[in-house]
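Student: Sending over a structure as structure tokens; questions will come in a sec.
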2 protein chains.
Amino acid sequence: MSSLSTAARVAIDLGERSYDILIGPDLLDQAQAFDGVPASRSALIVTNTTVAPLYLARLKAALATRHAVLHEVILPDGEAYKTWDTLNLVFDALLGQGCDRKTVLYALGGGVVGDMTGFAAAAYMRGVPFVQVPTTLLAQVDSSVGGKTAINHPLGKNMIGAFYQPQKVLCDLNVLRTLPARELSAGLAEVIKYGPIADTAFLDWIETHIDGLRVCDQALMAHAVQRSCEIKAEVVGVDERESGLRAILNFGHTFGHAIEAGLGYGQWLHGEAVGCGMVMAAQLSWRLGLVDAAWVARLTRLIAAAGLPIQAPVLDAQDNAGRYLSLMRVDKKAEAGEIKFVLIDAPGRAVVRGAPDALVREVIDACTVVA
Amino acid sequence: MSSLSTAARVAIDLGERSYDILIGPDLLDQAQAFDGVPASRSALIVTNTTVAPLYLARLKAALATRHAVLHEVILPDGEAYKTWDTLNLVFDALLGQGCDRKTVLYALGGGVVGDMTGFAAAAYMRGVPFVQVPTTLLAQVDSSVGGKTAINHPLGKNMIGAFYQPQKVLCDLNVLRTLPARELSAGLAEVIKYGPIADTAFLDWIETHIDGLRVCDQALMAHAVQRSCEIKAEVVGVDERESGLRAILNFGHTFGHAIEAGLGYGQWLHGEAVGCGMVMAAQLSWRLGLVDAAWVARLTRLIAAAGLPIQAPVLDAQDNAGRYLSLMRVDKKAEAGEIKFVLIDAPGRAVVRGAPDALVREVIDACTVVA
């Protein structure tokens with residue numbers, strides 16, 4: 001077991017809601033990695049059927065001295081379960097076990113577990129403390145950081161939720177080794193995202209090291225997670241509740257959410273949809289004259305090299321572009337029916353703006369797989 | 001139609017979440033009463049089957065110049081419907097109508113409509129603006145003010161919710177005239193509450209004017225609503241998220257929630273349960289040596305004079321006190337299974353503390369109706 005002293009620390013600066021992200025190997029096992037989390041009598045670990053056999057016992061051992069009573073709830077695995085009915089299993093457990101306002105919730109899992117546990121913590125008795133222990137790359141570099149929590153509604157992804165910050169985020173790099181290749185690629189989509197919107201040098205670095213990242217090289221992964229969290233921390237520190245800047249973190253997500261909703265949640269992984277969505281958003285940026293074709297081609301090659309889809313699925317055989325557009329109009333960034341896209345103004349800089357429907361249709365047609 | 005200039009204004013001081021409560025006759029009809037509310041393109045009025053026929057058309061007329069598109073959703077009436085399933089009707093309406101992050105929600109109704117609309121506003125797209133237009137006395141003096149929103153869970157009242165402040169609260173005194181006597185009495189319970197916990201002069205005033213209040217005398221009601229809101233504003237301004245002082249507003253609610261949950265939501269009105277709960281909490285304060293028996297008798301007489309029950313219902317024929325105790329252990333103020341009661345330390349001053357089970361059992365036995 002490595003020492004905590006090797007872990008990197010990224011601070012999220014949000015006044016009284018500030019907290020640390022700890023990044024390092026084997027954090028899961030180290031009781032002192034949880035220092036600063038309220039030592040309440042009771043705690044509830046929320047995880048899923050895939051993660052529980054791998055890591056639940058280890059987390060329980062690490063928390064045994066911190067909480068006298070440790071409850072657990074094991075949810076079904078997958079985006080299709082990010083619903084009210086599944087969330088209610090958490091409330092049933094909390095109330096059934098007599099958990100109170102001081103009970104700490106631990107999210108042990110990927111983005112779905114983190115989003116649902118966070119929203120459960122935000123809403124239970126109007127707010128109890130929670131800790132993120134993300135076990136996927138996607139959750140470590142994106143969803144567990146910054147306090148966005150939500151569940152899906154049949155009519156839209158992440159439509160019901162809260163901005164609610166955790167007490168701490170623990171990114172254990174060793175857990176990434178058990179990730180299936182497909183999940184690792186999905187996480188790389190969110191890593192790649194930070195390049196185009198904020199840091200061209202980081203984009204260059206990812207390009208250089210994409211093969212090593214795909215096999216989860218420990219040193220490379222440590223840097224990828226840390227730099228991603230640093231960029232996210234900076235953006236969230238400026239705009240916690242997404243009244244402006246924070247929306248740039250949704251690069252690739254407007255098209256991506258349409259793919260996820262149109263195919264049915266869980267068909268494509270979130271990161272896969274974001275990967276393809278970044279290609280589409282880059283295409284749209286090019287068609288608006290913001291970036292050149294060579295840059296779009298380069299980003300597209302990187303997304304493919306990360307093992308991600310770069311061609312959009314057909315969502316409607318009759319009117320595919322129309323279906324994409326109608327799904328995107330319920331995006332949370334839309335205003336009065338106008339879709340707001342996160343586009344690349346210049347490499348390393350994002351802008352949130354509308355685009356003519358005709359141009360968006362061109363992008364969808366150009367990017368869609370024709371069988 | 002009276003002028004807005006006759007309306008009283010009570011400020012809730014919460015930094016960037018500050019807002020005004022407006023109290024006066026016929027506010028519902030006055031477009032300028034809504035000044036300061038964001039003039040978004042779309043809005044959704046949430047109301048119920050009882051209130052809609054009385055006031056929905058008037059509110060829509062007042063808002064017609066403020067929002068181009070006015071949607072509405074009419075919920076079933078009653079505490080029994082303060083559930084996720086009913087809340088989801090609001091989300092269905094919001095998403096079905098393509099409402100976005102700027103859409104303003106209006107809660108037109110009593111405490112149930114206000115609590116559900118507020119929580120819907122807190123959670124929809126992680127937060128949209130909302131306005132409270134309370135149509136019951138209870139909602140005007142208590143539930144619409146201070147940003148507590150929630151739904152019930154089968155295992156406990158108001159267990160799932162958020163602290164989320166409205167943009168404005170409009171207390172139209174004329175709507176109180178259509179309230180059934182039973183609802184008016186239920187509202188008076190929350191008015192009376194402010195006396196014992198914060199203001200003995202106000203308690204004296206209520207005592208003097210209880211008969212006029214029960215027939216909804218306009219001038220008396222104006223003062224009762226204003227003074228109640230002032231006290232609530234002061235408490236909430238000090239402790240928005242109930243980490244301390246704010247809990248005193250739950251005087252009568254610990255016993256009251258047990259009555260509501262034990263009988264099944266909707267059997268007794270919330271205010272009726274609080275009325276009886278105040279008698280029980282006063283009794284417990286006396287048995288702990290905090291106040292004298294004469295003061296308890298005086299408060300009990302006033303609660304009876306307000307048309308409220310002063311004898312507790314039997315919740316379990318076998319072990320009535322045990323049933324009360326187990327229901328109270330899931331109260332949000334409970335910690336590690338210890339029930340925290342709001343007690344009267346001295347008339348006009350409340351304290352939150354535990355009490356020996358044996359003493360609590362004595363109170364329950366003494367207060368329960370024996371058939």
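The values are calculated or read from the model by the stated rules, or taken from the named source; none is laboratory data. Values in this document were obtained by computation on a predicted structure and should not be read as measured data. Ideal geometry is used to build each Cβ from the backbone, glycine not excepted, and the neighbour counts take in all protein chains shown. Note: accessible area is taken over every heavy atom of the protein model, side chains too, but ligands, DNA and RNA are not part of it. Shrake-Rupley method; radii C 1.70, N 1.55, O 1.52, S 1.80 Å.
Student: By how many degrees, 0 to 90 and rounded to 10, does the Cα axis of helix A:218-238 deviate from the longest principal axis of chain A?
Tutor: 80 degrees
Student: Here's something else I'd like to know. How about segment B:159-202: which of its residues lose at least 30 Å² of accessible area in the presence of all protein chains relative to their chain isolated, using a 1.4 Å probe?
Tutor: Correct list: B:MET159, B:ILE160, B:GLY161, B:PHE163.
Student: Tell me, what HN-Hα J-couplings in whole Hz come from the Karplus equation 6.51 cos²θ - 1.76 cosθ + 1.60 at θ = phi - 60° for each residue of segment A:55-72, using x for Gly and Pro?
Tutor: 10, 4, 4, 5, 5, 4, 4, 5, 9, 4, 7, 8, 10, 5, 10, 10, 9, 9
Student: B:PHE130's amide H: which non-local residues (gap 5+, or another chain) put their own amide H closer than 5 Å, with H modeled 1.01 Å from N in plane and none for Pro or chain starts?
Tutor: Hits under the 5 Å cutoff: B:LEU105, B:GLN167.
Student: What is the set of long-range amide H partners of A:ASP316 at a cut-off below 5 Å, with H atoms built 1.01 Å from backbone N?
Tutor: none
Student: If you take each beta carbon of peptide B:125-131 and count the beta carbons of other chains within 10 angstrom, what is the mean?
Tutor: Details: counts 12, 16, 5, 0, 0, 0, 0.
Mean partner shielding for this stretch: 5.
Student: For A:ALA334, what is the net charge nearby, where nearby means another residue's Cβ is under 14 Å from its Cβ and Lys, Arg count +1, Asp, Glu -1? Intermediate values should be presented prior to the final figure.
Tutor: On the way: positive: A:LYS157, A:ARG329, A:LYS332, A:LYS333, A:LYS340, A:ARG353, B:ARG41, B:ARG101, B:LYS102; negative: A:GLU242, A:ASP331, A:GLU335, A:GLU338, A:ASP357, B:ASP100.
Net of charged neighbours comes to +3.
Student: What are the ³J(HN,Hα) couplings of segment A:138-155, residue after residue, when phi is run through the Karplus curve with 6.51, -1.76, 1.60 and θ = phi - 60°? Round to Hz, x for glycine and proline.
Tutor: Result, rounded to whole Hz: 4, 5, 5, 9, 9, 5, 7, 10, x, x, 7, 10, 5, 10, 8, 10, x, 9.
Student: Segment B:244-262 to segment B:283-354: how many Å between their Cα centroids?
Tutor: Value for the Cα centre distance between the two parts: 9 Å.
Student: In the Gaussian network model of chain A, springs joining C-alpha atoms below 10 Å, which of A:ALA317, A:ALA346, A:ALA297 carries the largest mean-square fluctuation?
Tutor: Looking only at A:ALA317, A:ALA346, A:ALA297, the largest GNM fluctuation is found for A:ALA317.
Student: In nm to one decimal, list the spacings between the B:VAL314 label point and its equivalents in the other copies, with label points set 7 Å along Cα to Cβ, shortest first.
Tutor: Computed spacing set for this position: 7.1 nm.
Student: Nearest 20 debye, what's the magnitude of the dipole of the protein assembly as shown about its Cα centre given +1 on Lys and Arg Cβ and -1 on Asp and Glu Cβ?
Tutor: Details: 64 positive and 78 negative charges, 29 e Å.
In total the dipole reaches around 140 debye.
Student: Have a look at the DSSP beta bridges in segment B:4-178 and tell me what percent are antiparallel, nearest 5.
Tutor: Numbers: 10 of 33 bridges.
Rounded to the nearest five, the antiparallel share is 30 percent.
Student: Can you give the FRET efficiency for A:LEU245 and A:ARG329, using 1/(1 + (r/R0)^6), R0 = 30 Å, r = Cβ-Cβ distance, to the nearest 0.05? Please list the in-between numbers first.
Tutor: Working: r = 23 Å, r/R0 = 0.77.
Using R0 = 30 Å, I get an efficiency of 0.85.
Student: On a 24 Å Cα-Cα criterion, which of the cross-link pairs A:LYS157/B:LYS157; A:LYS82/A:LYS333; A:LYS102/B:LYS157; A:LYS102/A:LYS332; A:LYS232/A:LYS333 come out too long?
Tutor: Details: A:LYS157/B:LYS157 28 Å; A:LYS82/A:LYS333 21 Å; A:LYS102/B:LYS157 18 Å; A:LYS102/A:LYS332 32 Å; A:LYS232/A:LYS333 18 Å.
Violating the 24 Å limit, Cα to Cα: A:LYS157/B:LYS157; A:LYS102/A:LYS332.
Student: In whole Hz, what ³J(HN,Hα) sequence does segment A:308-325 give by Karplus (6.51, -1.76, 1.60; θ = phi - 60°), x for Gly and Pro?
Tutor: Values per residue, Gly and Pro as x: 10, x, 10, 10, 7, x, 6, 9, 7, 5, 7, 9, 5, 5, x, 5, 4, 4 Hz.
Student: Return the single residue from B:GLN318, B:GLN132, B:GLN167 with maximal mean-square fluctuation; model: Gaussian network over chain B, springs between Cα atoms under 10 Å.
Tutor: Ranking B:GLN318, B:GLN132, B:GLN167 by mean-square fluctuation puts B:GLN318 first.
Student: Need the C-alpha centroid separation for segment B:155-187 versus segment A:116-174, integer Å.
Tutor: Going from one Cα centre to the other spans 31 Å.
Student: Continuing with this model, one more query. Using a 1.4 Å probe on protein heavy atoms only, how many Å² of accessible area do B and A hide from each other, summed over both chains and rounded to 100?
Tutor: Details: alone 14440 and 14400 Å², together 25540 Å².
Buried: approximately 3300 Å² between A and B.
Student: Let me ask another. Taking B:ALA64 in one copy and the same position in all the others, each labelled 7 Å out along Cα→Cβ, what are the pairwise distances from the first, in nm, shortest first?
Tutor: Label-point separations across copies, in nm and ascending: 7.1.
Student: Amide H neighbours of A:ASP331 under 5 Å, counting only residues 5+ apart in sequence or on other chains, H built in-plane at 1.01 Å?
Tutor: Excluding prolines and chain starts, which carry no amide H, there are no hits.
Student: Right, here's the next one. Determine the sum of side-chain charges near A:GLY127: Lys and Arg each +1, Asp and Glu each -1, restricted to other residues whose C-beta is under 10 angstrom from that of A:GLY127.
Tutor: On the way: positive: A:ARG101, A:ARG126, B:ARG241; negative: B:GLU242.
After counting each charged neighbour, the total is +2.
Student: Among A:GLY24, A:GLY187, A:GLY262, which one shows the biggest mean-square fluctuation in a GNM of chain A, springs joining Cα atoms closer than 10 Å?
Tutor: Ranking A:GLY24, A:GLY187, A:GLY262 by mean-square fluctuation puts A:GLY262 first.
Student: Then there's this: Going by accessible area, probe 1.4 Å, with all protein chains left in place, what is the ranking of A:LYS60, B:LYS332, largest first? Don't skip to the answer; put the middle values down first.
Tutor: Working: A:LYS60 65, B:LYS332 20 Å².
Accessible-area ranking of A:LYS60, B:LYS332, largest first: A:LYS60, B:LYS332.
Student: Show that you can apply the helix-only estimate: for the protein assembly as shown, add -39,500 (n - 2.57) for every DSSP H stretch of four or more residues, divide by all residues, and state [θ] at 222 nm to the nearest 500. Could the numbers behind the result be given before it?
Tutor: Values: 22 runs with 298 residues, N = 742.
So the calculated ellipticity at 222 nm is -13000 deg cm²/dmol.
Student: If you don't mind, another one. Using a 7 Å offset from the Cα along the Cα-to-Cβ direction at both B:THR6 and A:THR6, what is the distance between the two label points in nm, to one decimal?
Tutor: A separation of 7.7 nm, rounded to one decimal place.
Student: Related question: Can you list, shortest first in nanometers, how far B:THR178 lies from the same residue in the other copies, with each label 7 Å from Cα toward Cβ?
Tutor: Here the equivalent label points are 6.0 nm apart from this one.
Student: So, for the protein assembly as shown, what is the accessible surface per residue at a probe of 1.4 Å, expressed in square angstrom?
Tutor: Values: 25540 Å² over 742 residues.
For the protein assembly as shown, the solvent-accessible area averages 34 Å² per residue.
Student: Using a 1.4 Å probe and counting only protein heavy atoms, arrange B:THR117, B:THR49, B:THR300 so the residue with the most accessible area comes first. Could you put the intermediate results ahead of the total?
Tutor: Working: B:THR117 0, B:THR49 85, B:THR300 30 Å².
Order by accessible area, largest first: B:THR49, B:THR300, B:THR117.
Student: Share of chain B's accessible area from carbon and sulfur, percent, 1.4 Å? List each step's numbers first, then the result.
Tutor: Numbers: 6580 of 12780 Å².
That share works out to 51 percent.
Student: State, to one decimal in nm, how far the label point of B:LEU359 lies from the label point of B:ARG177, with both points 7 Å from Cα in the Cβ direction.
Tutor: About 4.8 nm, to one decimal.
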